[in-house]
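**Student:** The following block contains the structure, expressed as structure tokens.
Derivation of every value follows stated rules applied to the coordinates shown; laboratory data play no part. Please read these numbers as outputs of a predicted model, since none were measured by experiment. Don't worry about glycine lacking a Cβ; one is built from the backbone with ideal geometry, like all the others, and counts go over all protein chains shown.
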Amino acid sequence: MNALERAGHHLKKMLLMKVTLHPGLSRIVVSLIIVLIFLFHLSGIFHLPFIDPIENFLYDFRLVTTMPNTVDSRIVIVDIDEKSLAAEGRWPWGRDRLADMVDTLFDYYHINLVGFDMVFAERDESSGLKFLDALAENAFKDDRTFIKTLNKARPSLERDYVFARSLNSRPVILGYYFQPLWQNQNNMAVGSLPDPLLELTASQFERIPFVETRGYIGNLEQLNNSAAGGGFFDNPLVDADGMFRRVPMVQEYNGKLYESLSLAVVRLLVGSPPLEFEIASGGEETSSLGLEGLRIGGLRIPVDEKGAVLIPYRGRQGSFPYISAVDILTRKANPEILQGSIVLVGSTTPGLKDLRPTPVQNVYPGIEIHANLISGMLDQAIKNKPGYVLGIEFVLLILVGITVSLLLSRLSPLGALLSALVITGASIWFNYYLWENHNLVVGMSSVLLLVFTLFVFHMSYGFFMEAHGKKQISKIFVQYVPPELVQEMSENPSDFGMSGESREMTVLFADIRDFTTISEHMDPRQLTQFMNEIFTFLTQIVYKHRGTIDKYIGDEIMAFWGAPLPDENHAHHALDAALEMIAELPSLYKRLIKQNWPQIEIGIGVNTGTMNVGNMGSKYRMAYTVLGDAVNLGSRLTGLSKIYHTPIMVSEFTQKKAEGIQFQEIDRVRVKGKAEPVTVFTPLDMLSKKGVIALEDREGFSEALMHYRNQQWDTAEQQFMQLRGHTANPDLYSVFLHRIHQFRSNPPGEHWDGVFTF
């Protein structure tokens with residue numbers, strides 16, 4: 001049992017003892033328990049999963065804020081970009097063109113070295129040589145002239161040979177990739193591999209957990225034999241959030257160790273010295289000690305226990321000069337950029353799928369990751385995370401935890417806040433000092449979260465002072481908004497106000513259709529229960545999407561989004577609620593049928609605009625409500641949903657705010673009480689589900705609307721009739737057919753703007 005486990009055992013005994021402690025001492029004991037929890041996480045006794053994403057974020061933040069953001073002109077990326085594909089044709093290109101590129105780079109531009117971030121696993125038969133050989137064996141087997149000409153041309157038609165010849169005796173590194181162990185498929189062995197770095201037979205490598213692989217896709221043996229070397233470009237160590245933060249420098253396959261593309265380039269650049277391993281010394285039981293670094297010549301590469309390095313990003317995409325591949329082939333590139341440079345050949349074209357998510361940019365070229373690694377190795381600028389940084393973080397946790405626990409238990413709230421800020425600032429400064437001056441990556445999240453957790457704990461005793469205010473807020477708003485919002489409001493009372501104000505919001509009206517007919521067949525008690533069931537159903541959905549209930553108006557419910565708490569996505573939340581109301585109607589039907597109540601249909605209107613919101617009324621009764629033209633328009637849209645036979649009617653103002661939802665324009669109208677026309681829409685998915693407009697009819701409906709607005713009555717009528725003829729719900733199209741019939745008798749005028757006035 002190690003020291004931490006013994007501490008945990010004693011802690012458990014202390015918690016089981018029925019001991020009455022002084023309040024101040026109790027706070028210190030609980031503080032130390034919190035410190036122990038963080039220490040247990042750091043030591044691996046148990047895992048706090050929420051710390052990992054925070055640590056990743058803080059690592060990314062340090063990386064981005066300290067990047068040099070300069071361009072390294074030593075490494076040039078020859079990009080098989082859209083321009084090159086347009087000029088040379090789609091990928092893959094003929095190997096003869098690649099041979100031309102290699103020859104041009106070395107003979108014309110006098111570069112230093114080439115690395116290919118691609119694999120050439122299959123033979124190039126695009127020259128037609130196979131077909132010509134078949135002709136020579138059959139149709140022209142007796143034609144000596146044909147066979148002689150073919151044999152003379154064969155070397156130039158053997159494109160793999162041409163490419164291999166261009167690689168021969170030149171510093172060229174070819175790429176390939178390994179099949180990871182977790183891939184659930186048969187072991188692959190395509191092409192050939194370059195010579196391994198070494199065979200893992202020595203005892204010193206037994207405890208090193210190198211990344212193991214199960215197969216590979218390699219280059220043609222002819223190409224491998226001609227190139228100076230090769231390196232893998234796959235990365236099996238992508239973090240859980242999908243980010244490329246580290247890559248292995250070496251991987252193991254069949255007991256042999258192979259190098260990465262970037263390592264192969266640097267090793268060739270410095271004269272191909274043997275790779276040396278830095279292995280921490282320790283006893284047989286010290287399994288945590290192992291590989292710490294690699295050495296090639298005078299360069300040291302800090303690695304973790306698996307032989308992986310943290311990628312030393314210089315900046316966003318463009319940290320290295322880019323040259324289009326076609327400009328190399330046509331010799332239009334600037335020779336000053338290329339002379340004496342390290343050239344990496346790859347692609348940034350999305351279609352070739354070599355774009356990666358990274359801390360510095362969500363879409364980042366894989367070829368530039370290799371360039372960053374090469375640059376970092378040459379500059380000795382790779383961050384280091386050796387085993388002993390865990391000890392540094394452990395000591396920091398203990399010192400900070402004890403200091404904060406003792407200080408916060410004795411200081412006033414203001415003094416506690418200042419102390420926590422000073423300790424946090426000092427911890428951040430020390431972490432950045434190690435990062436910048438010693439290239440050490442020491443975890444930051446545990447220390448910062450510990451300070452925050454202790455501060456919250458010690459300040460929580462003062463929360464009772466706000467209890468009365470929270471109760472008042474709850475009494476006022478519990479009838480309008482969901483309990484979660486009431487809680488947020490009570491915790492942040494400054495974020496909202498009761499007094500009237502003007503702000504952009506979204507309002508929703510949901511009306512029960514044909515309510516008068518339904519109510520005539522119910523007695524008052526049944527009608528009350530019936531309405532309570534429906535309003536409860538609708539209110540739950542409004543609350544689920546963070547809406548505020550304004551009022552129940554007879555057979556209609558009114559709700560709004562954007563108050564009392566601000567909501568940047570108020571339009572989207574209102575539409576989500578409207579869509580769910582329609583989608584969940586079948587579940588409501590089941591409850592109504594059990595009570596022998598009739599099924600219902602609802603019409604919904606949604607509008608976004610500037611509204612006045614606040615606590616309004618009289619000295620006898622107040623209500624938190626919204627007013628304004630935008631509210632009135634929302635109410636009018638509810639009526640329009642019935643006229644147009646659509647479940648949901650949305651204004652153009654809401655449609656513009658609700659990104660990510662597809663809409664179908666229904667009409668341009670001028671509603672009662674408003675002089676300005678408004679375009680009305682309905683969510684397309686909902687239309688499809690209700691059988692109003694099928695997805696494939698969308699263009700036809702839009703085209704019919706265009707002819708209708710251009711007063712091309714015959715064409716519009718024909719198209720609306722065709723649409724009505726093959727739909728389950730023809731009522732929408734009947735609306736326009738009826739109007740066309742009226743407009744033929746009473747034309748709207750030559751300058752009609754296509755707006756229908758109600």
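**Student:** Compute, for the stretch 697-758, the length of the dipole vector about the Cα centre, with Cβ point charges of +1 (Lys, Arg) and -1 (Asp, Glu) only. Units Debye, rounded to 20.
**Tutor:** That gives the stretch 697-758 a dipole magnitude of about 140 debye.
**Student:** Now, a different point. Picking from MET377, THR348, GLY387, whose Cα lies most toward the positive end of the charge dipole for the stretch 255-395 (charges on Cβ: Lys, Arg +1; Asp, Glu -1)?
**Tutor:** Ranked along the dipole, the leading option is THR348.
**Student:** Okay, next question. Given GLY673, ALA563, MET616, which one lies farthest toward the positive end of the charge dipole of the stretch 483-690, if we put +1 on the Cβ of every Lys and Arg and -1 on the Cβ of every Asp and Glu?
**Tutor:** Value: GLY673.
**Student:** When only C-alpha pairs under 8 Å and at least 6 residues apart count, what is the relative contact order of the stretch 697-758, in percent?
**Tutor:** Averaging sequence separation for qualifying contacts and normalising by length gives 30 percent for the stretch 697-758.
**Student:** Wrap a convex hull around the Cα atoms of the stretch 697-758, take a quarter of its surface area, and give that in square nanometres.
**Tutor:** Averaged projected hull area, Cα only: 4.2 nm².
**Student:** Farthest toward the dipole's positive end in the stretch 75-379, which of LEU198, LEU294, ILE77, given Cβ charges of +1 (Lys, Arg) and -1 (Asp, Glu) about the Cα centre?
**Tutor:** Among LEU198, LEU294, ILE77, the one farthest towards the positive end of the dipole of the stretch 75-379 is ILE77.
**Student:** Taking a cut-off of 17 Å, what percent of all Cα-Cα pairs in the stretch 235-349 are separated by more than that?
**Tutor:** I get 69 percent for the Cα pairs in the stretch 235-349 exceeding 17 Å.
**Student:** Just how large is the dipole of the stretch 500-567 about the Cα centre, in debye to the nearest 20, putting +1 at every Lys and Arg Cβ and -1 at every Asp and Glu Cβ?
**Tutor:** 260
**Student:** I've got another one for you. Distance check, please: which entries in LYS83/LYS656; LYS544/LYS642; LYS544/LYS590; LYS551/LYS672 exceed 28 angstrom between their Cα atoms?
**Tutor:** LYS83/LYS656
**Student:** In debye, nearest 20, what is the charge dipole magnitude of the stretch 483-690 about its Cα centre with +1 on Lys and Arg Cβ and -1 on Asp and Glu Cβ, if you could check?
**Tutor:** My answer is approximately 520 debye.
**Student:** What are the radius of gyration and Dmax of the stretch 483-690, computed over its Cα atoms and given in Å?
**Tutor:** Cα only, the stretch 483-690: 17.2, 50 Å (Rg, Dmax).
**Student:** Now a separate question. If the chain between ARG668 and THR201 were fully stretched, how many nm would it gain, using 0.36 nm times the residue separation less the Cα-Cα distance?
**Tutor:** 160.2 nm
**Student:** Quick one: if the Förster radius is 41 Å, what FRET efficiency do ILE51 and TRP752 give, using the C-beta to C-beta distance and rounding to 0.05?
**Tutor:** 0.05
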